[in-house]
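Asker: Sharing a structure here in structure tokens format.
Readers should treat all values here as calculations from the given coordinates under stated rules, not as data from a laboratory. Computed from a predicted model, the values in this text were never measured in an experiment. Cβ placement follows ideal geometry from the backbone for every residue including glycine, while neighbour counts extend to all protein chains displayed.
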Amino acid sequence: MSRMRAQLVTADGEVFNGRSVGAEGVTTGEAVFNTSMTGYQEILTDPSYAGQVVVMTSPHIGNYGVSHADDQSTRPAVAGFVVKALSRRHSNWRAEGSLAEYFASNGVVAISDIDTRRLTRHIRDRGAMPVAMGSGVGESELRQIAAAAPSMEGRDLVSSVSTSTPYHLEAEGEELGLVVAIDLGMKRDILTNLTRRGHSVDVVPALTPADDILARDPVGVFVSNGPGDPQPLRATTATLRGLIGETPLFGICLGHQVLGLAVGARTFKLPFGHHGGNHPVRRLEDGHVEMTAQNHGFAVDLWSLTAAQPPERVGLAGPELLPERVETDFGTVRPTHQNLNDGTLEGIALDDHPAFSVQYHPEAAPGPHDAGHLFNRFAALIEESR
Amino acid sequence: MPARRDLRSILLIGSGPIVIGQACEFDYSGTQAAKVLRSEGYRVVLVNSNPATIMTDPEFADATYIEPITPEVVEEIIARERPDALLPTLGGQTALNVATQLARGGVLDRHGVEMIGAGLEAIDRAEDRGLFKETMEAIGLEVPRAGYARSMSDAVKIARDIGYPVMVRPSFILGGGGTGIADDENQFLEVAKHGLDTSPVSEILVEESVLGWKEYELEVMRDRAGNAVIVCSIENFDPMGVHTGDSITVAPVQTLSDREYQEMRDDGIAVLEAIGVETGGSNVQFAVDPTTGRRLVIEMNPRVSRSSALASKATGFPIAKIAALLAVGFTLDEIANDITRATPASFEPALDYTVVKIPRFDFAKFPSASTTLSTSMRSVGEAMAIGRTFPEALQKALRSLENGRAGLNADKGEAVVRALGDDALAAAVSTPTPDRVYAMAEALRRGWDVDDVAGLASVDPWFVDQMAEVVEMRHDLETRRDDDLLREAKRIGYSDRQIAYLWDTTEEEVRRIRLHAGIARTYKTVDTCAAEFEAHTPYMYGTFEDESEVLAADKPRVVVLGSGPNRIGQGIEFDYCCVHASFALRDAGYETVMVNCNPETVSTDYDTSDRLYFEPLTVEDVLEVIDAEKPEAVIVQLGGQTPLNLADTLEKAGVPIAGTSPASIAMAEDREQFAEICRNLGLSQPAAGTASSAAEAQEVVDQIGLPVMVRPSYVLGGRKMKVVYSLEELGEYVRDIYGEGDPEVTANPILLDRFLESAVEVDVDAVFDGAELLVGGIMEHVEEAGVHSGDSGCVTPPPTISDEALKEILRATDELARALEVRGLINIQFAVKGDEVYVLEANPRGSRTIPFISKAKALPLARIATRVMLGSTITQLREEGLVPERPAESFVAVKDAVLPWDRFPEEDNVLGPEMKSTGEVMGIGPDVGVAYGKALLAAGNLLADRGRVFLSFADRDKQIGLAVAQAFTMLGFELLATTGTARYLRHHAIATEVVNKIGEGPRDIGERLANGEVHLVVNTPRGGRARYDGITIRQAARRLKIPCVTTVQGGLAVARSLRAGPGAINKPRSLQEWHRV
Ligand SMILES: Nc1ncnc2c1ncn2[C@@H]1O[C@H](COP(=O)(O)OP(=O)(O)O)[C@@H](O)[C@H]1O
Ligand SMILES: Nc1ncnc2c1ncn2[C@@H]1O[C@H](COP(=O)(O)OP(=O)(O)O)[C@@H](O)[C@H]1O
Ligand SMILES: [Mg+2]
Ligand SMILES: [Mg+2]
């Protein structure tokens, strides 16, 4: 396959040589690596990747082609895609086309034949950082673009992926009431999980105020995943403050972070984030461990709501790395889930109001299904609060 | 949940001798388990009859029983050691079956022993195909339509309503023994009968065949809190119908979308829950219809399996070790991942490379066996390779096989497939054989369409297209020569040898050009997490990328070259030696670097050595590891032929070889030079000569006389060796050797040795440091010279060798060690007639018998030799305490070989100069009778202590045969013999009943065997028509599982062990106890 030579340059000047396998031209964004071994199409179409260049650590990508059934949104959200080996020939009974065609027809700038392990180690050691990549431009040019590229912190990327107008989805089977879903960059499988459990869904823009939402008389409100830093999302944070206690709340990923902000916690940027399908998460109430799908660069810091300092970590990450509970304007908030790799917070629940959220992706897509039951928990919460 | 402290002592059952379907992966798992359980403070009691294992080294358990793994013996052990628990899931099918029997028989309850890991119900639900089917359907998982038969008539009924083709599978078997697929009723009658015979409970499942579907495996781990993870997903390159053990397999799964994979994952976890695997690892197999995605569960093994070893090496996740920890109550999240240290074992490894495993076959040794692969496993070993991409890993794995090939064709070996006409090639592509992959590449070279090749082979087009990329690169290489192309070629896995072939130059030249262009290997780490976290264990593989991760070392390094894939003649014994070399060097303050490509072994465990390079053992791959590590010395003496074959080239390349110089090793292999040495030392050898034609052969024979032992001069492991008793036979032999037109053969002369009849063969293993000779042990063979040392039983100390002869043997050993300037190990084989001692061969290197001798003498020979190779003297090591003052002499140790006849029913099960055994067992006792009895029992011979013995001797055996007959008469056996033998025995006044040969009259021997009237067969091979009778009788005996001895000495030994009686034989004693006295 003689494809055009292409290069990737990091903000701190590391150069990687490869071949262009997608749309022509140059792109830039924050490079993050994803360790999932399957699910490249779900990753490409996950709006949470807006503004990011995704590096797949799994070497062979494109093996089973693409199929619309796997799309998580109408178009790819990634700023660029980096792989070791793009399959020129795919094989799977579900496939409708090849990944290369998909890149071309969707204008995704993609680069192959990269030492993705070297790039991954670089990001691991130096932290997620902007890169510039593409074909037909000089190294020095890419170097400048990468150096000039903005960091993720403080940027509102949600507006670029959130729906501009509300839309409605019918429930599957018996109707159990309307759920309003605040779209910060919603993945399709989340909606399917809601409708499959008998809820019709109004998907509303990120900036929808609380009263507009309550005016729709929902049985519960869902806050979706989405890209980037939660801090700039002041409007949505305010919306949630207006919703807590009024209606059952369930947040995922960015939605979880915004709920954290709403109860007054701070959020912070992780060195290189969590992106993959093999993250062990412990449910603190009973110690049960689940394999979870993750995709986020920021996390909620509950210690920010206490006077105490987080303890030094010794040995494997344990519950002592999180406060047992914190007091907020909305009463007691408890950590419910913890990431066992780095001990970070993976979920919270409010004692005094029907609201909970998780940092990871119970809808998976891609990833293990272990946490799918959380949608039942939301359904149950809705039942209880009727 | 922390470890259970209500358990103090745990019984671990090993898997016994290496057999096809159950190889050293269970030494790997047992060793890991023993190590970790002891480090957690448990008392470990271990039983395994296989002396060539690391796990049976006395330092790995508190009580080590090298005893037959039978319910009776294990019960005795339980009675003596009173363990609190039995861990049955780490010793393969053997351990699982014995554990089941003990539980059923109430033994465990009686002694208050708890079965941990998997309970009886779980084992039954998984192992009993019928129960398994029910259990799966109960949780809504689909399995092939099937019915369950205990008789032929039922079987046929079921087959008819399922509709042909159908798959037949016996209950409670391993490695697919006795399974088969039948396309029509005729075939079915055969397959079903064989199946019913094979099943210990004579029960088969007749099942819808899904031949040609895609096959997948998941390695699942579960803890007692119910947390489950998938450690590794494996996709078979070969379709359903080729046993996974015989299939090329790939990790991780390549052609499933996330949706399909996650559903399979859900099923895998559901299967473990439904079966009731309390804790540990299990292997779940699936079949997937490539056209619809329909997914069936094929089977699950509720234990650590062959695939678990592969999965552990492929991911860096130590399944056996973790399984052991889970069994004593830990949960996955409580166990740290050794590699990252910072993260727990409750995660699913992420791979950023591709792994390919390719089985290694030895069909050449079983000429009458069909090479078509099926549902019954017949590979004897495997090589694994790690590359960034599938093509790279595939080519690395192919050149790891040591079958003379340099990769996916583009080498001399491709001549075979290139010679095929298109029709023949199409057939070769559509029939699963060990060589099919080469045929597929040839078809692609001829420009056949990827989909056509994929269709013919039922191999997924994705794999075939990846192969097509390799083939296209070949075309480029044939037309162009530039650095960029060279780099691309290396990235897609081309070896320098392949490139040299295509550029028609030498491998050295290609390496020169390549390194000059700066195209050297980079080494990446296997770290379980795709670099997300820092790795603390240097487990490396080579590839051609930007960045290399080799760490600088602070200590001097020594590289140990392993022995590659197991094969008959080179097995676990050599891995045993390499592992000990590594241990010894670590103790001596070196940093040890292991290079090997066999995933089953202890040597490729990432914590056996300080650094592990999972690389092919070729000159190219090894030289580059050496460039990267800059070792002080490289050890080639311990890994068998594999590293020895590299020694010369490595030395020429300036690599420091430890111990005996390659020159000396070559000298010992070269017959002229070696004969010269023996002459100078006044040591006798069998009269010999060489010939390149029938006429020359005649002349030689005229001088040295008949019978002669003949062989082509290049062979190893006794290949194509034969004892010839007449000129006719000689002519025949010469004709078909040269007739084959195999260039390698015709280029070399035939070697003729005077065959020493009824001579006793003796093996000696010793260490020489330049001044002092340390004799490890002298082993007297049970079978006479003429049976390959690897196949014959042996006894130490030698019971019948005269002091005269022993003196001469010791002198010869000492003189040869000096003459060959040995630094390290030397193994010598002698043939002894009375006081006369003949030298058969000397191998200045580690031998197959090192582990056996080490245990028989409480002498860590491999460690001692390693230290000597690096310059220590035996005296120094004695002071250090590594060499004991005096080796154990207070007991008799017997080694017996285990042969794979059950996998090759077409073959005649006689022993000869060509080695055919896959494994060995050890028996220890106060005397030869008991020790041999234990060995026989351990090797699976269930001897009746009374009844009827059938005797049939070749004329040359009749004299000793007489002694055999007398022995059995004295034991109260009735004798049965064919006319000739009977006449001879009667003539010597021994009551013998005459029986007709097969097809020569009423109640012939075949019938008597079938009626169960005969309990033991002693039948020695001979030429001519009689030979044919012999074969049919021996095969009949084998089919009916009647013990069958093929040498008179064997017969005598059996008689002796019967005299010892079952009481003494079933009485276990730990190695530690034996060694203490
Ligand atoms: N129903 C079937 N149709 C076709 N091939 C089968 C079927 N079941 C099993 N096989 C083949 O036979 C091999 C051995 O069967 P398996 O159930 O795995 O037994 P074991 O691994 O215990 O020997 C499998 O690897 C698969 O390739
Ligand atoms: N001259 C001989 N007389 C009798 N038996 C022999 C003779 N030479 C070899 N053998 C038998 O053949 C076997 C294999 O021969 P050997 O030279 O050891 O080849 P290998 O290199 O395969 O071990 C020996 O173990 C021995 O039993
Ligand atoms: Mg199997
Ligand atoms: Mg030999």
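Asker: Packing-wise, with mean Cβ within 10 Å as the measure, how do B:46-55, B:927-936, A:377-386, B:835-844 rank, highest first?
Answerer: Highest mean packing first, the order is B:46-55, B:927-936, B:835-844, A:377-386.
Asker: Okay, moving on. Shape call for the protein assembly as shown from the C-alpha gyration tensor, a ≥ b ≥ c root eigenvalues: rounded (a/c under 1.5), prolate (a/b greater than b/c) or oblate?
Answerer: Prolate, because a/c is 1.5 or more and a/b exceeds b/c.
Asker: Once you sort the root eigenvalues of the Cα gyration tensor of segment A:36-184 as a ≥ b ≥ c, which label holds: rounded (a/c under 1.5), prolate (a/b larger than b/c) or oblate (the other case)?
Answerer: The shape class here is oblate.
Asker: Which Rg and Dmax, in Å, describe the Cα atoms of segment A:186-253?
Answerer: Values for segment A:186-253 (Cα only, Rg and Dmax): 11.9, 34 Å.
Asker: Right, another one. Anything over 24 Å Cα to Cα? Flag those among B:Lys313/B:Lys524; B:Lys895/B:Lys997; B:Lys524/B:Lys630, in the order listed.
Answerer: Distance filter (> 24 Å) returns B:Lys895/B:Lys997.
Asker: Nearest-5 percent of antiparallel DSSP beta bridges in chain A?
Answerer: 65 percent
Asker: Which residues does a label at B:Arg481 reach in segment B:501-541, if reach means a backbone N under 15 Å from a point 7 Å past the Cα toward the Cβ?
Answerer: Residues B:501-517 qualify, since their backbone N sits under 15 Å from the label point.
Asker: How large is the convex hull of the C-alpha atoms of segment B:208-314 per residue, in Å³?
Answerer: 95 Å³
Asker: 5 Å is the cut-off here: which amide hydrogens, built 1.01 Å from N in the peptide plane, fall below it relative to A:Leu249, excluding neighbours closer than 5 in sequence?
Answerer: A:Val221, A:Ala355, A:Phe356
Asker: Each residue of segment B:900-907 in turn: what ³J(HN,Hα) in whole Hz from Karplus with 6.51, -1.76, 1.60 and θ = phi - 60°, glycine and Pro shown as x?
Answerer: After applying 6.51 cos²θ - 1.76 cosθ + 1.60, I find x, 4, 4, 8, 10, x, 6, 7 Hz.
Asker: Using a 7 Å offset from the Cα along the Cα-to-Cβ direction at both B:Glu534 and B:Asp452, what is the distance between the two label points in nm, to one decimal?
Answerer: Computed distance between label sites B:Glu534 and B:Asp452 equals 5.6 nm.
Asker: Peptides B:295-305, B:1055-1065: what's the order by average Cβ count within 10 Å, highest mean first?
Answerer: Output ranking for B:295-305, B:1055-1065: B:295-305, B:1055-1065.
Asker: Okay, next question. Report, to the nearest 10°, how far helix A:139-148 tilts away from the longest principal axis of the Cα atoms in chain A, using its own Cα long axis and a range of 0 to 90°.
Answerer: Taking Cα atoms only, the helix is inclined about 20 degrees.
Asker: Given contacts defined as C-alpha pairs under 8 Å and at least six residues apart, what's the relative contact order of chain B, whole-number percent?
Answerer: 10 percent
Asker: Quick one: 3J(HN,Hα) in Hz for segment A:306-315, Karplus 6.51/-1.76/1.60 with θ = phi - 60°, rounded, Gly and Pro as x.
Answerer: With coefficients 6.51, -1.76 and 1.60, one gets 10, 7, 6, 9, x, x, 5, 7, 10, x Hz.
Asker: Tell me which residues come under 5 Å, amide H to amide H, from B:Glu974 once H is placed; ignore anything under 5 positions away on its chain.
Answerer: Counting only residues 5 or more places away or on other chains, the set is B:Gly947, B:Arg948, B:Val949.
Asker: Right, another one. Taking amide H positions as placed 1.01 Å from N in the peptide plane, with prolines and chain starts having none, which residues 5 or more places from B:Ala687, or on another chain, fall under 5 Å of its amide H?
Answerer: Amide H neighbours of B:Ala687, under 5 Å, 5+ apart: B:Arg754.
Asker: What value, in deg cm²/dmol to 500, does the helix sum -39500 (n - 2.57) over DSSP H runs of n ≥ 4 give at 222 nm once divided by the residues of chain B?
Answerer: Helix contribution divided over all residues of chain B: -11500 deg cm²/dmol.
Asker: Once fully extended, how much extra length lies between A:Ala215 and A:Glu320, figured as 0.36 nm per residue of separation less the alpha-carbon to alpha-carbon distance?
Answerer: 33.6 nm
Asker: So which lysines can B:Lys157 reach, going by Cα to Cα under 23 Å and dropping same-chain residues fewer than 8 places off?
Answerer: Straight-line reach from B:Lys157, under 23 Å: B:Lys133, B:Lys193.
Asker: With a length cut of 20 Å (Cα positions projected on each helix's long axis) and a Kyte-Doolittle mean of at least 0.0, go through chain B and give me the DSSP H helices that pass.
Answerer: Long hydrophobic helices here: B:572-587, B:1048-1065.
Asker: How high is the FRET efficiency between B:Glu508 and B:Ile139 when r is their beta carbon distance and R₀ equals 51 Å, given to the nearest 0.05?
Answerer: That pair, B:Glu508 with B:Ile139, gives E of 0.25.
Asker: Now for a different question. Calculate the mean, over all residues of peptide B:226-239, of how many other protein chain Cβ atoms lie within 10 angstrom of the residue's Cβ.
Answerer: Across B:226-239, the average partner-chain Cβ count within 10 Å equals 2.
Asker: Hey, what D do you get for segment B:134-263 in µm²/s if you plug the Kirkwood alpha-carbon radius into Stokes-Einstein at 10 °C and 1.306 mPa s?
Answerer: Rounded, D is 98 µm²/s.
Asker: In Å, what is the Rg of the alpha-carbon atoms in segment A:14-108, and how long is Dmax?
Answerer: My reading of the Cα-based Rg and Dmax gives 12.3, 40 Å.
Asker: Go ahead and collect, in residue order, the members of segment A:350-370 whose backbone nitrogen is under 15 Å from a label point 7 Å along the Cα-Cβ direction of A:Thr192.
Answerer: A:362-370
Asker: Next question. Report the label-to-label distance for B:Thr1032 and B:Leu120 in nanometres (one decimal), using points 7 Å from each Cα along the Cα→Cβ vector.
Answerer: Those two pseudo-labels are separated by 4.6 nm.
Asker: Right, next: So between B:Arg80 and B:Ala364, what do we pick up on full extension, going 0.36 nm a residue minus the alpha carbon distance?
Answerer: Full extension from B:Arg80 to B:Ala364 adds 97.7 nm.
Asker: With both partners inside segment A:37-139, how many of the DSSP beta bridges are antiparallel, as a percent to the nearest 5?
Answerer: Antiparallel bridges make up about 20 percent of those DSSP assigns within segment A:37-139.
Asker: Does anyone have the angle between helix A:116-126 and the longest principal axis of chain A? Alpha-carbon axes, 0 to 90°, nearest 10?
Answerer: Once rounded, the angle reads 50 degrees.
Asker: Residue by residue, what Karplus-based ³J(HN,Hα) values in Hz, rounded to whole numbers, does segment B:361-377 have, using 6.51, -1.76 and 1.60 with θ = phi - 60° and x for Gly and Pro?
Answerer: Each residue's phi maps through the Karplus curve to give 10, 10, 4, 3, 7, 10, x, 7, 7, 6, 8, 6, 7, 8, 7, 9, 6 Hz.
Asker: Using the C-alpha atoms of segment B:557-601, what convex hull volume per residue, in cubic angstrom, is computed?
Answerer: Hull volume over Cα atoms, normalised by residue count, gives 56 Å³.
Asker: Treating only the Cβ atoms of Lys and Arg (+1) and Asp and Glu (-1) as charged, compute the dipole magnitude of segment B:891-1048 about its Cα centre; round to the nearest 20 debye.
Answerer: It comes to approximately 180 debye.
Asker: Tell me the chymotrypsin sites (Phe, Trp or Tyr not before Pro) within segment B:518-592 that lie in a loop according to DSSP and have at most 11 other beta-carbon atoms within 10 Å.
Answerer: Those that pass, being in a loop and sparsely packed, number zero.
Asker: Going by average Cβ density within 10 Å per residue, which order do the peptides B:83-91, B:405-413 take, highest to lowest?
Answerer: Highest to lowest by the protection proxy: B:83-91, B:405-413.
Asker: In whole Å and largest first, what semi-axes does the C-alpha gyration tensor of segment B:22-174 yield when each eigenvalue is scaled by 5 and square-rooted?
Answerer: Ellipsoid semi-axes (Å, largest first): 36, 16, 15.
Asker: Could you tell me which of rounded, prolate or oblate describes chain B, using a ≥ b ≥ c as the square roots of the eigenvalues of the alpha-carbon gyration tensor, with rounded for a/c under 1.5 and, failing that, prolate when a/b is larger than b/c and oblate otherwise?
Answerer: Note, shape of chain B comes out rounded.
Asker: Okay, moving on. Please compute the average number of Cβ atoms from other chains found within 10 Å of each residue's Cβ in peptide A:270-277.
Answerer: Average neighbour count from other chains, rounded to a whole number: 2.
Asker: Using 5 Å bins from zero, what percent of all Cα-Cα pairs in segment A:98-255 falls into each bin?
Answerer: P(r) over segment A:98-255, rounded to whole percents: 2, 8, 14, 15, 14, 13, 10, 9, 8, 5, 2, 0, 0.
Asker: So for chain A, taking the charge dipole from beta-carbon charges (+1 Lys/Arg, -1 Asp/Glu), which of A:Leu305, A:Ser87, A:Met129 sits furthest toward the positive end?
Answerer: Towards the positive end, the residue furthest out is A:Ser87.
Asker: Per-residue mean of other chain beta-carbon atoms within 10 angstrom of the beta-carbon, peptide A:57-68?
Answerer: Mean shielding count: 5.
Asker: What share of Cα pairs, in percent, lie more than 38 angstrom apart in chain A?
Answerer: More than 38 Å apart: 18 percent of the Cα pairs in chain A.
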